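Read through the structure below, which is laid out as structure tokens, and then see the notes.
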Amino acid sequence: MKQCTHADALPDPEPAPVGETCPECLRDGTDPVQLRLCLTCGHVGCCDSSPNRHATEHHRRTGHPVMRTHEPGEKWRWCFVDHVLL
């Protein structure tokens, strides 16, 4: 099974969300489907089911490797670099 090589380097405690929703969606006038939280800097971005995939765009722009769901009742994480669910 593939492992994430980035999880051990994440800040503890994890960063607080920078905002309540995806700022790029607010800027563009679009609605996010679900939200994701960058575990490096706290950026909140919309998921890949959203029209503009801002969480993935954030990873591509910054190289920040791991995000987690920012949805109530969910706890999973995703490593963009290793392509593995944590």
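Points worth noting:
- The smallest convex shape that holds all Cα atoms of the chain, its convex hull, gives 96 Å³ per residue.
- Annotation: amide H-H contacts under 5 Å for residue 33 (H modelled 1.01 Å from N, sequence separation of 5 or more, or interchain): 47, 50.
- Compared with the direct C-alpha span, the chain from residue 27 to residue 76 gains 14.9 nm at full extension, assuming 0.36 nm per residue.
- By the rule of a second cysteine Cβ within less than 4.7 angstrom, the chain holds isolated cysteines at 38, 41, 47.
- Environment charge at residue 68 (Cβ cut-off 11 Å; Lys +1, Arg +1, Asp -1, Glu -1): 0
- Using θ = phi - 60° in the Karplus curve 6.51 cos²θ - 1.76 cosθ + 1.60, the 3J(HN,Hα) couplings for the stretch 35-52 round to 10, 10, 10, 6, 8, 9, 10, x, 4, 9, x, 7, 6, 6, 7, 7, x, 10 Hz; x is entered for Gly and Pro.
- Listed values for the stretch 7-14 are Karplus-derived 3J(HN,Hα) couplings in whole Hz (6.51 cos²θ - 1.76 cosθ + 1.60, θ = phi - 60°), namely 4, 5, 8, 6, x, 9, x, 5, and x replaces Gly and Pro.
- Stretching residue 20 away from residue 57 to a fully extended chain increases their span by 11.5 nm, per 0.36 nm per residue minus the current alpha-carbon distance.
- Rounded D (µm²/s) - the stretch 1-43, Kirkwood Rh over Cα pairs, Stokes-Einstein at 20 °C, 1.002 mPa s: 175
- The chain: relative contact order as a whole-number percent, Cα under 8 Å and 6+ apart: 27
- The distance between label points at residue 34 and residue 8 comes to 2.9 nm (points 7 Å beyond Cα on the Cα→Cβ vector).
- Distance between the stretch 54-68 and the stretch 1-15 - C-alpha centres, whole angstrom: 14
Readers should treat all values here as calculations from the given coordinates under stated rules, not as data from a laboratory. Values in this document were obtained by computation on a predicted structure and should not be read as measured data. Positions of Cβ are generated from backbone atoms using ideal geometry, with glycine treated the same way; all protein chains shown enter the neighbour counts.
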